[in-house]
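For reference, the structure is listed below as structure tokens.
The values are calculated or read from the model by the stated rules, or taken from the named source; none is laboratory data. No experiment lies behind these values; they were computed from the predicted model shown. Because the Cβ atoms are built from the backbone with ideal geometry, glycine has one as well, and the counts that use them run over all protein chains shown. When the accessible area is computed, the model is the full protein with side chains, heavy atoms only, and any ligands, DNA or RNA have been set aside. Shrake-Rupley method; radii C 1.70, N 1.55, O 1.52, S 1.80 Å.
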Amino acid sequence: MLPFKPVIFISDWLIFIFLAIAAIVFFHSLKKAHWRQAWKKIVYQPVAIFSGIILVIYFAIAICDSIHFLPKLPQSNGTQANYAAASESLLDVIFKPLSSENETTYSKPWATHSLTLTWYHDAKGHFHGYYPPLEFKGVKNLPLKLLIVGVLSLFIILIFYLGLSWFCKKRWHLSWRTTQQLFWQGKTLFPYRTFFFTMAAWIVIISFIAGFCFHYHIFGTDKVGNDVFYESIKSIRTGLLIGSLTMLFMLPFAIGLGIIAGYFGGKTDDVIQYIYTTISSIPGILLIAASVLSIQVFINNHPGFFSSISQQADLRLIALCLILGLTGWVGLCRILRAETLKLREMDYVAAAKTLGSSWSRIMVSHIIPNVMHIIIVTVVLDFSGLVLAEAVLTYVGVGVDPSTISWGNMIDAARMELAREPVVWWPLTAAFCFMFTFVLALNLFGDALRNALDPRSEI
Amino acid sequence: MFAYLVRRILYAIPILIGVNLITFMLFFVVNSPDDMARAQLGKKYVTPAMITQWKISHGYNLPLYYNAEQAGIAKITDTLLVKKSLSQFTFNFGNSDQGRNINTDISQRMWPSLAIAVPSLVLGLFVNIVFALLVVFFRYTFFELSAVFMCVVLMSISGLFYIIAGQYLFAKILQLVPISGYVPGLDAWRFLLLPVAVAVISSIGAGTRWYRTIFMEEISKEYVRTARAKGLSNLAVLFRHVLKNGMLPILTGVVVVIPSLFMGSLLLESFFGVPGLGNYMIDAIRSQDFAIVRTMVFLGTVFYVIGLILTDITYTLVDPRVRLE
């Protein structure tokens, strides 16, 4: 008997499908010599290593947060096993105390006492104000603990450094001294130095988080006492979900229609061009707002379709991604159509035609592989735009459900928090840091990809 | 030229009809007018009689595409498709679901929107071009590398943060400008200072990077080498030749948004409490006033299509090589 019962939300399925497709494309490309060359060109760029590590960490967190199950409730002997009604994710289990131990209201990062003054009568009837200590977090001996965690993380970095040097030495068949020289001058093909410093920074960050997040609210607590750090971590899945699901819905349209329009031309081209000109003529945010509004009223008027609130929020998120996908395929479709127009005049396409290949075969084996680099670069760069769009749409009121934890909802709440006295700045700062890191990493990685895969088009 | 223009305008009509049909599908087919009535009246204690009453008073008590009760042409015209959706082509948008006249609202709210959008566009263009030229002037140096990196950093910050940080810093801490609000007339400048500044700053990242690419492409062309070989200074080439030729692709990007300036900015107007069209749209979304949302989608499309046509015209005006046939 398992101590839990797995549940898979529709959004979990879709996120895994997206990752599986990405993995298949990646491993398939490794079979081709020119793609191996291209991937090498990518990882030889220090920027790609720096941003790639950040992306791997974010994706790992999101995957942990996408594995849902119902935990088993404690049972008495002989009775049927009972499972909790609310599902938990792997991430919830890792950060167990953070999700369940809520304070009552705001508290500053690393605080030991609540932010709001509480009044009470003493025996003589006088009023006294005091800041009540936090219920769950805040321990003593902070400097000592900081020292211990600091020393520990330095120790891990040292071990990591020695391991990496040993690995380099074995690989290059050089003396210890030369290895060190090459490493520190950064003259290696694979940017080992950048790799080391990025990993060292993350080792410090992660060991501090691991050392303190169970003893302090390291990013404070929000209005209802939830741990802001935990919310920021949970938001990663929402941001990533919006990006990857939108891509999942958008790519079939963009690739299919773009290539068909470019390859066949004529009437087919006219119809597809008409469709995408019409859609792109509507200002993006207005079309999204109108569609979401319409879906929202539909969901509100048909509550019977959904068995639970979290399922409703999940479906609303998927609907949002579907809409973003249906409105967002135009840009890529236009580029792919133009590229296909060029490719179909190529000699190898003419040769394939004369040899009797069907049009579907020509598309799959001659055209798509030759536009793949455009698709990959666009996916990564559009992804960052979608993460940013989530916050804006949520603010406008057409984004994710208010009950879904997301950076957009955190920023939305921050407007009121900045206006109060004393100023509550930490939820906004936390959302900013997490979101900025993610979007920056995506943008940098996208640029690195473009440098390597498509050097002619440079922005 | 004239014939081309007529053809372009005629080509815009099927697009607008397409947009009109999309909004019709979204607001009348996905959700019936009954759903709309229920959303407006609130969820509890709504009787069928109240819904019918609401539909009659707002003119939604018609069939979707075909009215069997009427005779002759009215079978087609006396329907929601014609009365509520296609009627937008006459630019008479009727009343909002709250009962206010949309045309009057728009003509009043257009001006605050323009007051923010026009200075933001002009200033933003100026600042971005200056920065891009600077970066190009110092090309292949450490300065360029760090400037391009800074652009990516600025691009990665959400627009919301620029607004929130600007309001907090300049209005709350330094108290240089009011946090939000608006007065009509010339006194409005105090309220416009911050939103315009925020709009310009938040555009620097993407704008500078994009213009830099354009100028870099221009500077690698043959005529630049010729000009340098003749003995012109780097600066003279940059300002007299590269800037002029680089303006062509920049113009395409700018002219197309000019008509859309009327629509205003959703975020800026709502954060700074400016009673413009962007704010109008947000209010309509939050109160689920579909009549306004439909109108704004249609208007936004009209402005965009006009922008596309204007772009073509400016192209022939500034670049003698381009001929419209």
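Calculate the translational D of chain A in whole µm² s⁻¹ from Stokes-Einstein, where the hydrodynamic radius comes from the Kirkwood formula applied to all Cα pairs, the temperature is 20 °C and the viscosity 1.002 mPa s. Here the translational diffusion coefficient equals 84 µm²/s. Peptide B:17-26 has a mean shielding of 4, counted as Cβ atoms of other protein chains within 10 Å of each residue's Cβ.
Residue ranges A:249-255, A:208-214 sort as A:249-255, A:208-214 when ordered by packing (mean number of other C-beta atoms within 10 Å per residue, highest first). Computed from Cα positions, the angle between helix A:266-281 and the longest principal axis of chain A comes to roughly 30 degrees. Directionally averaged projected area (the range A:4-105, Cα convex hull): 10.9 nm². In chain A, excluding the sites themselves, the longest stretch lacking any of the GluC sites (Glu not before Pro) that are in a DSSP loop with at most 14 other Cβ atoms within 10 Å is A:136-344.
Here the range A:234-453 is treated as a sphere whose radius is the Kirkwood value from Cα pairs; by Stokes-Einstein at 20 °C and 1.002 mPa s it diffuses with a coefficient of 110 µm²/s.
Other residues with beta-carbon under 15 Å from the beta-carbon of A:F383 carry, at +1 per Lys or Arg and -1 per Asp or Glu, a net charge of -1. Relative to the longest principal axis of the Cα atoms of chain A, the long axis of helix A:309-328 makes an angle of roughly 30 degrees. For a straight C-alpha distance cut-off of 19 angstrom, the lysines reachable from A:K267 (same-chain residues fewer than eight places away being disregarded) are A:K342. Max-minus-min Cα coordinates of the range A:142-212 on each principal axis give 45, 18, 16 Å, with the largest extent listed first. Distance between the 7 Å Cα→Cβ label points at B:K172 and A:R361: 6.6 nm.
The H on the amide N of A:Y106, modeled in the peptide plane, is under 5 Å from the matching H of A:G225, each at least 5 residues off or on a different chain. The protection proxy used here, the mean number of other Cβ atoms lying within 10 Å of each residue, ranks peptides B:305-317, B:1-13 as follows, highest first: B:305-317, B:1-13. Distance from the Cα centre of the range B:206-245 to that of the range A:35-57, in angstrom? Cα centroid of the range B:206-245 versus Cα centroid of the range A:35-57: 33 Å apart.
Considering only C-alpha atoms, what is the centroid distance from the range A:175-219 to the range B:153-176, in Å? Value for the Cα centre distance between the two parts: 32 Å. Highest mean first, the peptides B:82-95, B:186-199, B:229-242 sorted by other C-beta atoms within 10 Å per residue fall in the order B:186-199, B:82-95, B:229-242. Among the chymotrypsin sites (Phe, Trp or Tyr not before Pro) in the range A:276-367, those located in a DSSP loop and surrounded by at most 15 other Cβ atoms within 10 Å of their own Cβ are A:F306. Dipole check for the range B:1-135: with +1 at the C-beta of Lys and Arg, -1 at the C-beta of Asp and Glu, and the Cα centre as origin, the magnitude is about 60 Debye.
How large is log10 I(q)/I(0) at q = 0.11 Å⁻¹ when the Debye formula is applied to the Cα atoms of chain B, each weighted equally and without solvent? So the normalised log intensities work out to -0.90. Note on A:271-283: average number of Cβ atoms from other chains within 10 Å of each residue's Cβ is 5.
Seen from B:M247, the other residues with C-beta closer than 11 Å to its C-beta sum to a net charge of -1, counting Lys and Arg as +1 and Asp and Glu as -1. Pair-distance distribution P(r) for the protein assembly as shown, from all Cα-Cα distances in 10 Å bins starting at 0: 2, 10, 19, 24, 22, 14, 7, 2, 1, 0, 0 percent.
Near B:D78, once Lys and Arg are set to +1 and Asp and Glu to -1 for all other residues with Cβ below 13 Å from its Cβ, the sum equals +2. Taking the longest Cα principal axis of chain B as reference, the axis of helix B:102-137 is set at about 20 degrees.
For the pair the range A:276-352 and the range A:158-174, the centres of their Cα atoms are 48 angstrom apart.
Would you mind telling me the share, in percent, of accessible area of the range A:211-286 contributed by carbon and sulfur at probe 1.4 angstrom? Ligands and nucleic acids excluded, carbon and sulfur reach 71 percent. With the helix formula -39500 (n - 2.57) applied to DSSP H stretches of n ≥ 4, the protein assembly as shown reaches a computed 222 nm mean residue ellipticity of -22000 deg cm²/dmol. Pairs from the list A:K169/A:K234; A:K145/A:K223; A:K32/A:K170; A:K41/A:K169 with a Cα-Cα gap above 30 Å: A:K169/A:K234. Take the Cβ atoms of A:T104 and A:I8, set R0 to 41 Å, and the FRET efficiency comes out at 0.75. Partners of B:K55 within straight-line reach, counting lysines whose Cα lies under 18 Å from its Cα and excluding those fewer than 8 residues away in the same chain: B:K43, B:K44, B:K83, B:K84.
Inter-chain Cβ neighbour count for B:149-156, averaged per residue, equals 5 (cutoff 10 Å, partner chain atoms only).
Of all lysines in the structure, those lying under 18 Å Cα to Cα from A:K72, and not within fewer than 8 positions of it along the same chain, are A:K5, A:K96. A Stokes-Einstein calculation at 4 °C with viscosity 1.567 mPa s, built on the Kirkwood radius of the range B:2-90 over Cα pairs, returns a diffusion coefficient of 87 µm²/s.
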